[in-house]
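Written out below as structure tokens is the structure these notes cover.
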Amino acid sequence: MAKMISETILIKNGRLIDPKNKVDRKADILLADGQVVKIGKNLTETADRLIDATDKIVAPGLIDLHVHFREPGDEEEETIASGSAAAVAGGFTSVVCMPNTAPAIDEATAVEYVHRMGRQARKTYIYVMGAITKERAGKELAEMGLMAQAGAVGFTDDGSGVQDTAVMLRAMKYASMFDCFIAQHCEDRSLARNGVMNAGYNATVLGLPGMDPLAEELMLWRDIQLVKKTGVRYHAQHISTAGSVEIIRQAKAQGLPVTCEVTPHHLLLTEEAVVNYDTYYKVNPPLRTQKDIEAIRQAVADGVIDALATDHAPHLKSEKELEFLTAPCGIAGIECALPLYRKALIDTGVCGWPQMLSMLTYKPASILNVAKGSLAVGDRADAVIIDPDAQWTVDSSKFYSKGRNCPYQGWTVKTKVLYTIVAGEIRFAAED
Amino acid sequence: MDTQTKTEKFQWTRKHLIGLSDLSRREIEFILDTAQSFEEFSTRSIKKAPPLRGKVVVNMFFEDSTRTRNSFTLAASRLSADVIEFTEKSSSVSKGETLIDTARNLEAMGVDIVVIRHSAGGAPKLLTRCINACVVNAGDGYHEHPTQALLDVYTIRQVRGSLDGLKIGIVGDIAHSRVARSNIYAMTKLGAEVTLVGPPTLMPARVQDLPVKVSYNLDAVIEDFDVINMLRIQFERLGGNPFPSVREYSHFFGLTVERLKRAKPDILVMHPGPMNRGVEIESEVADGPNSVILRQVANGLAVRMAVLFLVNQAAAQEQKEK
């Protein structure tokens with residue numbers, strides 16, 4: 001069989017935004033053999049495919065550091081195939097799967113399995129993080145070395161934090177020999193206990209057990225002391241409070257190798273959303289207050305936030321129809337993430353497109369330590385073409401994701417992904 | 001404006017009773033007035049009236065209850081409804097069937113009113129979104145217990161005529177009490193001033209944002225109270241140990257004969273039950289002349305008849321408009 005030659009793609013007249021290379025200008029861009037071949041004004045090369053990107057943004061493919069594609073174990077909620085299709089529909093050319101599956105991804109064959117399913121899906125590029133501890137139980141170290149060799153990009157017990165300080169210290173020390181990063185879902189269980197929403201006035205009125213912001217902040221603060229001792233690269237997942245922002249700010253000021261991510265919902269929604277016991281707003285960390293949102297947005301403006309990450313967490317409708325106390329946490333929203341980021345950050349004047357895209361491209365790539373997230377000649381042809389001003393209405397029944405647990409259902413949003421190109425192939429093209 | 005015209009003009013429109021937080025003063029008073037008209041029932045030789053004849057009421061109790069359950073059963077029977085008793089002590093989830101599925105199944109059998117008690121705050125609200133029957137909250141987690149608060153204010157009104165200007169103390173485990181929350185709404189809306197008393201470890205977050213005063217010192221405030229409502233420690237909901245021992249708790253917050261001597265001589269002593277005698281209240285106080293605890297229970301029947309009557313009426317009205 002003859003070797004398949006990928007088609008050549010010429011994208012004309014777009015606004016090329018490549019934050020890593022500080023590019024923001026009108027340019028044509030030619031993709032061939034899975035790479036960026038040429039960038040310039042008025043390119044006249046013939047190509048198999050010509051895309052007119054007038055008034056559109058052309059950017060490096062987006063990277064999402066935090067998704068739950070539920071495989072192995074909960075394929076009724078999502079599969080790597082359905083999640084991957086959803087990812088490219090959202091403009092994401094690389095995603096990082098969390099290891100809190102059933103069973104947990106805590107050894108090398110599971111890492112290889114996820115990679116294989118990702119290759120078969122042939123949509124977005126699938127990365128995976130391994131668990132820090134066996135079965136994510138927080139007790140014994142998982143085989144981090146073997147998982148790293150199998151291609152795990154980092155480690156986390158996401159879904160819960162590593163409670164035992166000695167275990168966390170040991171994990172960080174051990175991981176430091178593999179040049180990978182350790183990420184943490186910061187939550188001190190002794191304080192958070194059975195909490196299901198932010199501790200505060202609304203929890204009191206609703207009679208629901210609250211999670212004190214301190215539960216997040218204390219573990220984050222503890223971990224940063226451990227970073228000082230071990231020097232390991234540390235990433236705080238989905239930070240949600242003004243206090244956490246302050247702790248990250250100080251750690252960065254001290255030059256520590258600390259990064260963090262925030263989600264669309266922690267940039268947009270407050271605990272007020274929970275007042276009708278609507279479980280679609282039940283997430284962990286819980287939705288906080290307007291004060292926290294303001295602090296996080298300010299941190300974005302100041303460059304303290306490294307990455308925007310969806311924490312895409314699909315669940316069955318029947319699970320979300322349980323009592324608020326028992327319903328699972330999570331929001332499915334990777335397909336509408338980009339317009340939500342825009343709403344939270346650009347429409348509010350926090351930052352412009354180049355700065356916002358930096359947190360979706362080269363900055364998360366540098367946390368992963370992979371050569372992605374830029375769009376210069378010679379780079380891998382992972383790209384997204386965005387209509388920044390197109391309006392559309394979120395309809396979760398049309399999602400590629402199996403998850404319908406989307407609180408943004410019915411929202412009219414601005415910014416639409418037109419094309420998602422992975423390794424030079426168009427893997428998603430918007431209808432009409 | 002006299003009560004008569006107020007009652008005549010007012011139209012009750014809620015087919016569910018989930019809580020008192022969003023009820024107006026007028027709505028609360030309307031329930032109390034309706035209850036009053038049912039009160040004389042208990043003294044008749046034939047204790048039955050027809051308004052719910054042909055209707056089915058299901059008591060869905062996912063938590064233990066003596067007073068509330070029997071009171072609702074009796075109230076429904078007196079209004080001539082058929083009553084189904086559904087008991088599932090453990091959570092529906094552990095049994096494999098979800099709350100919604102259970103409720104939909106019961107509704108398929110033609111249930112008109114669901115009376116629900118559940119350990120999860122918000123469970124009654126969840127039902128209202130998924131079934132068409134009327135939903136009456138008989139206590140959900142530590143969210144609300146509206147009929148308890150209604151019978152509490154009914155009892156106070158019965159004795160004192162009105163709640164306007166009364167000073168009321170609610171003492172004990174506020175954090176885990178649905179009774180406290182519903183009480184706060186009902187009492188403050190009817191014009192009383194409420195003070196919550198208990199150790200800080202049993203106060204909920206941001207309690208200062210509620211329309212109440214807060215005290216950690218019962219002895220310092222008891223002499224102001226016209227009414228004192230003693231709450232049970234919700235041992236089943238406590239996490240850790242919010243106070244060192246029952247003995248120490250009783251020492252600071254128990255209503256003893258000694259402590260009662262400092263209160264106004266005509267103070268009303270209330271308790272939603274079940275009582276832990278010797279913990280939050282001494283037996284002699286519970287059974288003493290200031291206690292209206294059994295009167296509360298008696299009034300619960302009239303209040304629940306009124307609630308069942310009104311939600312059914314609202315549902316019928318809604319049906320007619322369709």
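For region A:391-424, which residues satisfy the criterion of being in a strand (DSSP E or B) and crowded, with 20+ Cβ neighbours inside 10 Å?
Hits for region A:391-424 are A:415, A:417, A:419, A:420, A:421, A:422.
How do the helices (runs of 4 or more DSSP H) wholly within region B:1-78 filter down when requiring 1 or more residues that are surrounded by 21 or more Cβ atoms within 10 Å (Cβ to Cβ), under 23 Å from the mean Cα position of the chain (by Cα) and modelled with pLDDT of 95 or more: which remain?
B:25-39, B:67-78
Name every residue in region A:275-325 that is assigned to a helix (DSSP H, G or I) and over 22 Å from residue A:78 (Cα atoms), in order of residue number.
Residues satisfying the conditions are A:290, A:291, A:292, A:293, A:294, A:295, A:296, A:297, A:298, A:299, A:300, A:301.
Could you please find all residues in region A:155-203 being more than 12 Å from chain B (Cβ to nearest Cβ), modelled with pLDDT under 95 and at positive phi?
A:179
Would you check which residues across region B:202-230 are within 14 Å of chain A (Cβ to nearest Cβ) and closer than 17 Å to residue B:279 by Cα and list them?
B:202
If you check residue B:304 against the conditions, is it out of contact with any Asp or Glu (no Cβ under 7 Å at 6 or more places or on another chain) and of a type in the set (D, E, K, R)?
yes
Could you pull out the residue among B:295, B:247 that is charged (D, E, K, R) and either assigned to a loop (DSSP other than H, G, I, E, B) or surrounded by 13 or more Cβ atoms within 10 Å (Cβ to Cβ) (or both)?
On inspection, the qualifying residue turns out to be B:295.
When the residues of region B:257-292 are filtered to those that are aliphatic (A, V, I, L, M) and assigned to a loop (DSSP other than H, G, I, E, B), which remaining residue is farthest from residue B:65 (Cα to Cα)?
By that ranking, first place goes to B:263.
Pairs needed: first member in region A:337-355, at negative phi and without any contact (Cβ under 8 Å) to a residue 40 or more places away in the chain; second member anywhere, surrounded by fewer than 23 Cβ atoms within 10 Å (Cβ to Cβ) and not β-branched (Val, Ile, Thr); C-beta distance under 7 Å; at least 6 residues apart or different chains.
A:346/A:352; A:346/A:353; A:346/A:356
Please list, ordered by residue number, the helices (runs of 4 or more DSSP H) wholly in region A:162-273 having 2 or more residues that are in contact with a strand residue (DSSP E or B) (Cβ under 7 Å, 6 or more places away or on another chain).
Fully inside region A:162-273 and qualifying: A:165-175, A:213-230, A:242-253.
Working only within region B:102-115, note down all residues that are surrounded by fewer than 24 Cβ atoms within 10 Å (Cβ to Cβ), in a helix (DSSP H, G or I) and in contact with a helix residue (DSSP H, G or I) (Cβ under 8 Å, 6 or more places away or on another chain).
Once the filter is applied, which keeps residues that are surrounded by fewer than 24 Cβ atoms within 10 Å (Cβ to Cβ), in a helix (DSSP H, G or I) and in contact with a helix residue (DSSP H, G or I) (Cβ under 8 Å, 6 or more places away or on another chain), region B:102-115 yields B:102, B:104.
Among the helices (runs of 4 or more DSSP H) contained in region B:116-193, which hold 3 or more residues that are more than 14 Å from every other protein chain (Cβ to nearest Cβ) and surrounded by fewer than 24 Cβ atoms within 10 Å (Cβ to Cβ)?
In region B:116-193, the matching helices (runs of 4 or more DSSP H) lie at B:146-160.
Considering only residues of region A:282-312 that are surrounded by fewer than 23 Cβ atoms within 10 Å (Cβ to Cβ) and within 14 Å of chain B (Cβ to nearest Cβ), which is farthest from residue A:199 (Cα to Cα)?
A:291
Going through region A:295-343 one residue at a time, which ones are aliphatic (A, V, I, L, M) and more than 30 Å from residue A:101 (Cα to Cα)?
A:295, A:299, A:300, A:301, A:304 - these are the residues of region A:295-343 that are aliphatic (A, V, I, L, M) and more than 30 Å from residue A:101 (Cα to Cα).
The values are calculated or read from the model by the stated rules, or taken from the named source; none is laboratory data. All of these numbers come straight from a predicted model, not from anything done at the bench. Neighbour counts are summed over all protein chains in view; Cβ atoms, including those assigned to glycine, are modelled from backbone coordinates with ideal geometry.
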